[in-house]
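Student: Mind looking over this structure? Questions follow.
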Amino acid sequence: MGNLLKVLTREIENYPHFFLDFENAQPTDGEREVWNRINAVLQDSENLLADLQSYKGAGQEIRDAIQNPNDIQLQEKAWNSVCPRVLRLKQFYEFSLRLEKALQSLLESLTCPPYTPTQHLEREQALAKEFAEILHFTLRFDELKMRNPAIQNDFSYYRRTINRNRINNLHIDIENEVNNEMANRMSLFYAEATPMLKTLSNATTHFVSENNTLPIENTTDCLSTMASVCKVMLETPEYRSRFTSEKTLMFCMRVMVGVIILYDHVHPVGAFSKTSKIDMKGYIKVLKEQPPDTVEVLLNALRFTTKHLNDESTSKQIRAMLQ
């Protein structure tokens, strides 16, 4: 795989440690078919994030319409402002469905026998990088969504107006694009604080249940190995020095946090249990050693989007570290 992809492997405290080349990994012939499929999805991710970042709600138009229910012009102005925004929200939702399929395809490749998950990640670094890209996108999407309450406000107004029109037997063209069934599914998606992460955790859980002949450990070990790899690269100067961009360090941190949260949602006892293969104290320590302004959002993700943090089995020390 060349010098850049040379694997330096060692076992410390039973956690896998090796360098994963997030900057330069290229698909081998064996990876190419799956890589092409995943890459076709990820190619749209940056444009989608830019679109979400620039999303400005129709709050003023909606307020004017609500405060003046008999003013037809204001009702039309609000409706005409909301409809194109709802079509953008539909694009985001449809992308989540594509991402769900992409993740399941990746998991199939990275967990199948005869190789262990660690061997897969070592041997198929381009696919591991695609997995990391999905996690990185997911956290960035959810960060932007959480900071933009206008999204749910716009969509709620759309649904109320559609329902009122339906009661009055009015049909509007946009219903051909966002009908009642689609609106219901979008509503469930945007009701989540972290909708893309929820999509990934559901996809991973579904993958595990659908492949019941595959031990769940194959999937959870893939997740814990990815977390360990990111942690080692962040705390080992030899590895950090290989990265040519500071952005790769933030990429590593986001991927590490994303995969821990995913593990916590998928593993029966979660990431915070003593029996977990996630070294939670070590991960939190690594994050807290970084500049606070870069990691606070990631620490918040561990505080508020994990499933098992508040379980009785979670140690007081770990809870204190995240306070």
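Student: State the extension gain, in nm to one decimal, for the chain segment bounded by Lys247 and Arg88, taking 0.36 nm per residue of separation less the distance between their alpha-carbons. Don't jump to the answer; show the numbers that get you there.
Tutor: On the way: separation 159, 0.36 × 159 = 57.24 nm, distance 2.81 nm.
This chain segment gains 54.4 nm when fully extended.
Student: Next question. Give, as a single signed number, the net charge of other residues whose beta carbon lies under 12 Å from the beta carbon of Tyr55, with Lys and Arg counted +1 and Asp and Glu -1. Intermediate values should be presented prior to the final figure.
Tutor: Numbers: positive: Lys56, Arg85, Arg88, Lys145, Arg147; negative: Asp51, Asp154.
It works out to a net charge of +3.
Student: Now for a separate question. Please give the peptides 255-263, 282-290 ranked by average Cβ packing (other Cβ atoms within 10 Å per residue), highest first, as a rough proxy for protection. Write down the numbers at each step before the final one.
Tutor: Numbers: 255-263: 26.9, 282-290: 16.6.
Top of the packing list down: 255-263, 282-290.
Student: Quickly estimate the mean residue ellipticity at 222 nm for the chain, helices only: each DSSP H run with n ≥ 4 gives -39500 (n - 2.57), and the total goes over all residues, rounded to 500. Present the calculation step by step, with values, prior to reporting the outcome.
Tutor: On the way: 15 runs with 220 residues, N = 323.
Counting only the DSSP helices, I get -22000 deg cm²/dmol.
Student: Straight-line reach from Lys247: which lysines have Cα under 21 Å away, leaving out those fewer than 8 places along the same chain?
Tutor: Within reach: Lys129, Lys231, Lys285, Lys288.
Student: Something else: For a quick size check, give me the Cα extents of the chain along its three principal axes, largest first, whole Å.
Tutor: On the principal axes, the chain reaches 71, 46, 40 Å in Cα extent.
Student: Okay, next question. By Kyte-Doolittle mean hydropathy of at least 1.0 and Cα axial length of at least 27 Å, which whole DSSP H helices of the chain are selected? Before the final figure, lay out the partial values.
Tutor: Working: long enough: 72-111 (58 Å, -0.14); 125-146 (31 Å, 0.08); 216-235 (29 Å, 0.47); 246-266 (31 Å, 1.11).
Helices meeting the span and hydropathy rule in the chain are 246-266.
Student: Still on this structure: About the Cα centre of the stretch 234-323, how large is the charge dipole given +1 on each Lys and Arg Cβ and -1 on each Asp and Glu Cβ? Please answer in debye to the nearest 20. Present the calculation step by step, with values, prior to reporting the outcome.
Tutor: Numbers: 13 positive and 10 negative charges, 24 e Å.
Here the stretch 234-323 has a charge dipole of around 120 debye.
Student: Would you kindly give the portion of the calculated P(r) for the stretch 194-242 that falls above 18 Å, as a percent of all Cα pairs? Can you show the working numbers first?
Tutor: On the way: 583 of 1176 pairs.
It works out to 50 percent of all Cα pairs.
Where a number appears in this text, it was derived from the coordinates with a stated rule and is not lab data. Small disclaimer: the values here were computed from a predicted structure and weren't measured. Here Cβ is always computed from backbone atoms with ideal geometry, including for glycine, and neighbour counts include all displayed protein chains.
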